[in-house]
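All of the numbers you see were taken from the coordinates with simple rules; none came from a lab. Just so you know, these numbers come straight off a predicted model, no measurement behind them. Because the Cβ atoms are built from the backbone with ideal geometry, glycine has one as well, and the counts that use them run over all protein chains shown.
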Amino acid sequence: DTPAGRRSEPIVLASGNLGLVSFPDVPHRMTREEIDARHPALLPTLANHPGIGFLLVRSERHGGLVLGAHGAEIPLDRLDEDPGPLAPFGPGAADAVRRTHSFPHTADIMVNSFHDPADGEVLAFEEQIGSHGGLGGAQSHAFLLSPAVLSDPVEEDTEIVGAEHVHRVLRRWLRESNGPQVPVEDPRPNVVENAPFPVADGFVQEKSA
């Protein structure tokens, strides 16, 4: 437990080239203004670090805000006109950042590493050979491999962007291939509803069953 009157330490987590900073003693997602009042040098120091591409924070004035080196500050609703620090990350970066900002439990500070578009390099915050979790690099160019009998995933000259779009494509392919539909009825007899694990004929089934 934290002694009365003493702030708890921030929690810093890494996911590939994405960093998450949270202040657990604050019940809500802190704003840029609150962070500046508590730690005046924190956001400028992070934003100007050569290994960091941009920060995502919440702002009392602008809502979502992207911060970059040399004092760059771009509200999320202006990223399409001025991508600012997101420019090296290519098309789709602004939508990805806005999507992350919309999540109910986004960290107080989202930190994305530097990305060099010339060679595709990203700087992971973990000691890994590869990297995923943030924006930039080969992770931004995934692919779907499917049988030729299925429809094209998207129309010509369009791209799949985001997990939700991939989900819609996969659901369509399931329908085309007469695959299982959701919800799937349990074929086992006498399945007990609301059991901790599926129960049929009085026997608890293995989790992998």
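Details
- Residue list for region 111-123, restricted to those being of a type in the set (A, V, I, L, M, F, W, C) and surrounded by fewer than 22 Cβ atoms within 10 Å (Cβ to Cβ): Phe114, Ala118, Leu123
- Any chance Ile35 is within 23 Å of Gly137 (Cβ to Cβ), crowded, with 16+ Cβ neighbours inside 10 Å and in contact with a helix residue (DSSP H, G or I) (Cβ under 9 Å, 6 or more places away or on another chain): no
- For region 38-59, the candidate set comprises residues that are without any contact (Cβ under 8 Å) to a residue 60 or more places away in the chain and within 20 Å of the chain's Cα centre (by Cα); within that set, the residue that is surrounded by the fewest Cβ atoms within 10 Å (Cβ to Cβ) is Ser59.
- Residue within region 64-83 that is over 19 Å from His115 (Cα atoms), assigned to a loop (DSSP other than H, G, I, E, B) and not acidic (Asp, Glu) present: no
- Residue tally, condition touching a helix residue (DSSP H, G or I) at 6+ places or on another chain (Cβ under 8 Å), assigned to a loop (DSSP other than H, G, I, E, B) and in contact (Cβ under 8 Å) with a residue 40 or more places away in the chain, over region 134-153: 2
- Unmet requirement for Gln128, which otherwise passes all of (1) surrounded by fewer than 22 Cβ atoms within 10 Å (Cβ to Cβ); (2) touching a residue at least 24 places away in the same chain (Cβ under 8 Å); (3) within 18 Å of Arg32 (Cα to Cα): (3)
- Residue that is β-branched (Val, Ile, Thr) and within 26 Å of Ile129 (Cβ to Cβ), where the choices are Val21, Val26, Val57: Val21
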